[in-house]
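**Q** Supplied in C-alpha cells, the structure appears directly below.
The values are calculated or read from the model by the stated rules, or taken from the named source; none is laboratory data. Just so it is clear, the model here is predicted, and its values are computed rather than measured. Every residue, glycine as well, gets a Cβ built from its backbone with ideal geometry; the counts of neighbours run over all protein chains shown. For accessibility, only protein heavy atoms count, side chains too; no ligands or nucleic acids. Shrake-Rupley method; radii C 1.70, N 1.55, O 1.52, S 1.80 Å.
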Amino acid sequence: MFKISFDFHMSIRKNGTKPQTKTGAVRLSTFADREAQFMRKSRSVSTRNNYRTAIASVIMFAGDGVTLSDITADMTEAYQAWLRSRGICLNTVSCYMRSLRAIYNRAVEAGIVTDVRPFRHVFTGKAPTDKRSADMNDSRRLLSLKLTPGTPLELARDIFIFSFYAMGMPFVDLAFLKKSQISNGHIIYYRHKTGQRICVAIEPCMAEIMTRHGSASGEYVFPIIRSASLEDAVREYATRLTTYNRTLKRLAAMAGMNHTLTSYVARHTWASAAFRSDVDLKVISKAMGHTNPRTTMVYIRELDDSSIEQANRRVIDSIG
C-alpha cells in the first residue's frame, strides 16, 4: 500500500475565497468536502456522487490522512494497481481517476498544489464493455437454484432478481433504498446517478423478497448498508459492490451460465426484455431513469438477424 504523510495544517476557507496552506498540505477529504459545498448548484447529483465515491475509495487505499500533495504520479499508479487487484474494471478505475483529477485541478486553481500531471500514467479513458444481458432462461436457472436460506449466496441471488423485477434498479439505489421510500404499495426513489424520480409498483414477487431479507430495525430495506454515517456508508457500499459482483460470478457458475454475471446485467436484461416485449423505447427510458433514450439503447441487447427480418417483414406488410 502507498505510504503517506499524516502531518498537515490548513487554513479555513471563508467568504468564498481560495484556501491557502500554512504548512504542509491540505487533507484531500477536507478539501473535497469544502468543494462539495460550492458545487451543489453547479454540478449534477451524478457528478457529486462520483466525487464522493472516488474520495472514499482513495481513503480506503491511502488512509484518511492523505493530502493533496500526496497525489503524485507514483501514488496514482499504485492506486490504480490496487483498484485492479480488487477486481475493479477499467471503466470504474477511469471514473475514479477522472473524479480525483477534477478535484486535484480545483486545488491547482486555488494555488494549493502545483500541476505536475500526476495522472499522466493512469487510465482515464473509456474501455469497450460487453453490454450483453442475460436471457430469460438464465434468470429461471438462477431462481431454481437451491440455496441455503440466510446465506450471502441467497441474498445476492435475490438482490439480482429484485433488481430485475424493479425495472432494472441499479445496485447503488437498491443498497441505499430506505423504508421511508415505500408508500402505498410503491417504491419511490431518485437515481443516484441522474437524480431522476422513479416510481416502481411493488409486485407480489418483489414483496416476497423484501419480506425474506427485511428486518424490523434499521432504515434500509435490504441488509447491505449498516453504517450510520454517510461517509462510512459510502465506503461500505464500495466494499459491498465488490463482494456482490464476486458472489454473482459464483452464482453464474452454479447456474451453468457461459457468460459473466454482474450487478448491471439485471438492468440490461430488464431493458432487453421490455424492448422485445414491444414496450415503447420512451417508456423503457423513463422506467430506467435515463434523460435521453439514446442512453437506453446502450442497455438493449443487439437484435439477431431473424428479429430484424421479422421487423422488416412487418414494415413491408403494412404497405401492402
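**Q** Which residue pairs have Cβ atoms under 7 Å apart, sit 6 or more places apart or on different chains, and have a first residue in the range 176-188 that is closer than 13 Å to A166 by Cβ and a second that is assigned to a helix (DSSP H, G or I)?
**A** These pairs meet every condition: I187/Q181; I188/Q181.
Residue-by-condition table, conditions (1) touching a helix residue (DSSP H, G or I) at 6+ places or on another chain (Cβ under 7 Å); (2) surrounded by 15 or more Cβ atoms within 10 Å (Cβ to Cβ); (3) not aromatic (F, W, Y):
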position: F222; (1), (2), (3): yes, yes, no
position: A228; (1), (2), (3): no, no, yes
position: A271; (1), (2), (3): yes, yes, yes
position: R276; (1), (2), (3): no, no, yes
position: K286; (1), (2), (3): no, yes, yes
position: N292; (1), (2), (3): no, no, yes
position: M297; (1), (2), (3): no, yes, yes
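**Q** Of everything in the range 92-108, what is open to solvent by 40 Å² or more (accessible area, probe 1.4 Å) and touching a residue at least 24 places away in the same chain (Cβ under 8 Å)? Give them in sequence order.
**A** Scanning the range 92-108 gives R98, R106.
**Q** Looking only at the range 208-232, which residues are farther than 23 Å from K286 by Cβ and of a type in the set (A, V, I, L, M, F, W, C)?
**A** I209, M210, A216, F222, I224, I225, A228, L230 - these are the residues of the range 208-232 that are farther than 23 Å from K286 by Cβ and of a type in the set (A, V, I, L, M, F, W, C).
**Q** I want to confirm something. Restricting to the range 24-60 and keeping residues that are touching a Phe, Trp or Tyr at 6+ places or on another chain (Cβ under 6 Å) and open to solvent by 30 Å² or more (accessible area, probe 1.4 Å), which single residue is modelled with the highest pLDDT?
**A** Out of the qualifying residues, it is R27.
**Q** Taking the stated definitions as given, is I187 open to solvent by less than 40 Å² (accessible area, probe 1.4 Å) and either over 22 Å from T239 (Cα atoms) or not in a helix (DSSP H, G or I) (or both)?
**A** Answer is yes for this residue.
**Q** Now for a separate question. Looking at the range 64-91, which of its residues are at pLDDT below 90 and either among the polar types (S, T, N, Q) or buried (at least 17 other Cβ atoms within 10 Å of the Cβ) (or both)?
**A** S85, I88, N91
**Q** Let me ask you something else. Any idea which of (1) open to solvent by 40 Å² or more (accessible area, probe 1.4 Å); (2) free of Cβ contacts under 8 Å to residues at least 40 places away in the same chain; (3) under 30 Å from A81 (Cβ atoms) is the one F123 doesn't satisfy?
**A** Failed condition: (2).
**Q** Would you call S217 more than 22 Å from the chain's Cα centre (by Cα), exposed (fewer than 11 other Cβ atoms within 10 Å of the Cβ) and without any contact (Cβ under 8 Å) to a residue 60 or more places away in the chain?
**A** yes
**Q** Hey, can you tell me all the residues within the range 230-259 that are assigned to a loop (DSSP other than H, G, I, E, B) and either open to solvent by 70 Å² or more (accessible area, probe 1.4 Å) or more than 20 Å from D135 (Cβ to Cβ) (or both)?
**A** Residue satisfying the conditions is N258 alone.
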